[in-house]
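Q: I have a structure here, written as structure tokens, and I will follow up with some questions on it.
Every read-out reported here was derived from the displayed coordinates using simple, explicitly stated rules and does not represent laboratory data. If you're wondering where the values come from, they're calculated on a predicted model, not measured in any experiment. Cβ: placed from backbone, ideal geometry, glycine included. Neighbour counts: every protein chain shown.
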Amino acid sequence: MTAVPDMPDGNWVVDRDDTVAVLRYDSGKRRTMGIDGAAQIAGLIAERAGRAEPPVLVLVVDVLHAELAEVRQMGEGRPIADWAPWVGAIDGLERYPSATVVAVPLQATCGGLELSLAADLRVASPTARLGVLETRMGIMPGAGGTQRLPELVGQGNAALLVLTGEPVSGAEAHRMGLVQLIDPDPVAHAIRLAERLALIGPQVLAAAKRALEAGRMRDPNGFRTEGRAFLSLVNLDSTKARIGAWLDAQADDRNPALETSPLP
């Protein structure tokens, strides 16, 4: 087992790296992922994408949200370019030249879900929690969530998740189409699936992915609209107050991201 250098918000660990690469986020106590964590996974994905025969990727994601202290810095004037690693990680996963599978054993919400949405397939525990919590923080999904969610779950379910800011269980996410498979041990299931995909071979998988991408109806203006809408919120006084309260709750071990959801 190898690991990239320790970071305060977590660490991406390489559990396996042959025809299947298993990359696991050891999220630590806070279970958040900051800019440095995004840069780590972006680099790990890019290195494997550049191989002559890219392995099938399995990402084990347990991320409640991005590091809110960094989001607050954005509202205080930190350059937006500093968040390029998040874009690089998500785009790198979506454009990866072989199959990609995300396993969600516990929770993938906010940035954790937006990263997961960029994969080809998702496997979750029936009791896992998936969603976008940002409206409860006074912001909104800003890393492609408003664009990729409707493709998977339809406009109505996407509106339910985005507007309420509440997560759903893995079982409900499966019913919606947000995850393709559920299993009490989603990591083992994702690895078994990846091993079967690896037998197909990277050339076939890459060609199939190109064809699937060609059939996707997506307007680039949608991502720009999302980004502008997100930036219009981060410097509001009300948003700064909500993020501050969220950070205070985290410091007191009362993480709002773990509150019971009214959704199934």
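Q: Pick from VAL63, VAL14, VAL22 the residue whose mean-square fluctuation is largest in a GNM of the chain, springs joining Cα atoms under 10 Å.
A: VAL14
Q: Once you have the Kirkwood Rh of the range 1-103 from its Cα pairs, apply Stokes-Einstein at 25 °C and 0.890 mPa s and quote D in µm²/s. It would help to have the intermediate numbers written out before the result.
A: Details: Rh = 14.1 Å.
Approximately 175 µm²/s, per Stokes-Einstein.
Q: Can I ask one more? Which FRET efficiency value, to the nearest 0.05, do you get for ASN235 and ASP26 by plugging their Cβ-Cβ distance into 1/(1 + (r/R0)^6) with R0 = 35 Å?
A: Efficiency for this residue pair is about 0.60.
Q: Given the C-alpha atoms of the range 38-184, compute the convex hull and give its volume per residue in Å³.
A: Convex hull of Cα atoms, per residue: 97 Å³.
Q: Order 127-137, 215-225, 167-177 from most to least packed using the mean count of other Cβ atoms within 10 Å. Don't jump to the answer; show the numbers that get you there.
A: On the way: 127-137: 23.3, 215-225: 9.8, 167-177: 21.2.
Answer by packing, highest mean first, reads 127-137, 167-177, 215-225.
Q: Give me Rg/Rg_expected for the chain, where Rg uses Cα atoms only and Rg_expected = 2.2 N^0.38 Å with N residues.
A: Cα Rg divided by the expected 2.2 N^0.38 Å: 0.95.
Q: Each residue of the range 168-184 in order: what ³J(HN,Hα) in whole Hz does its phi give by Karplus 6.51 cos²θ - 1.76 cosθ + 1.60, θ = phi - 60°, with x for Gly and Pro?
A: 10, 6, x, 5, 5, 4, 5, 4, 6, x, 5, 10, 8, 9, 10, 6, x
Q: Which number do you get for Rg(Cα) / (2.2 N^0.38 Å) in the range 145-264?
A: The range 145-264 yields a ratio of 1.38.
Q: Still on this model: Using only helices, what value at 222 nm comes out for the chain when you add -39,500 (n - 2.57) per DSSP H run of length 4 or more and divide by the total residues, to the nearest 500 deg cm²/dmol?
A: That calculation yields -15000 deg cm²/dmol at 222 nm.
Q: Whole-Hz ³J(HN,Hα) for each residue in the range 47-63, computed from phi via Karplus 6.51 cos²θ - 1.76 cosθ + 1.60 with θ = phi - 60°, x for glycine and proline: what do you get?
A: 5, 6, 5, x, 6, 4, 10, x, x, 5, 9, 10, 9, 9, 10, 9, 10
Q: ³J(HN,Hα) across the range 197-209 via Karplus (A = 6.51, B = -1.76, C = 1.60, θ = phi - 60°), whole Hz, x for Gly/Pro?
A: 5, 4, 5, 5, x, x, 5, 5, 4, 5, 5, 5, 5
Q: Amide H of SER125: which non-local residues (sequence gap of 5 or more, or other chain) have their own amide H closer than 5 Å, using H built in the peptide plane?
A: Residues meeting the criterion, in which the H sits 1.01 Å from N, are VAL104, ASP183.
Q: Then there is this: Whose amide H sits under 5 Å from the amide H of ASP17, counting only residues 5 or more places off or on another chain, with H placed in the peptide plane?
A: VAL22
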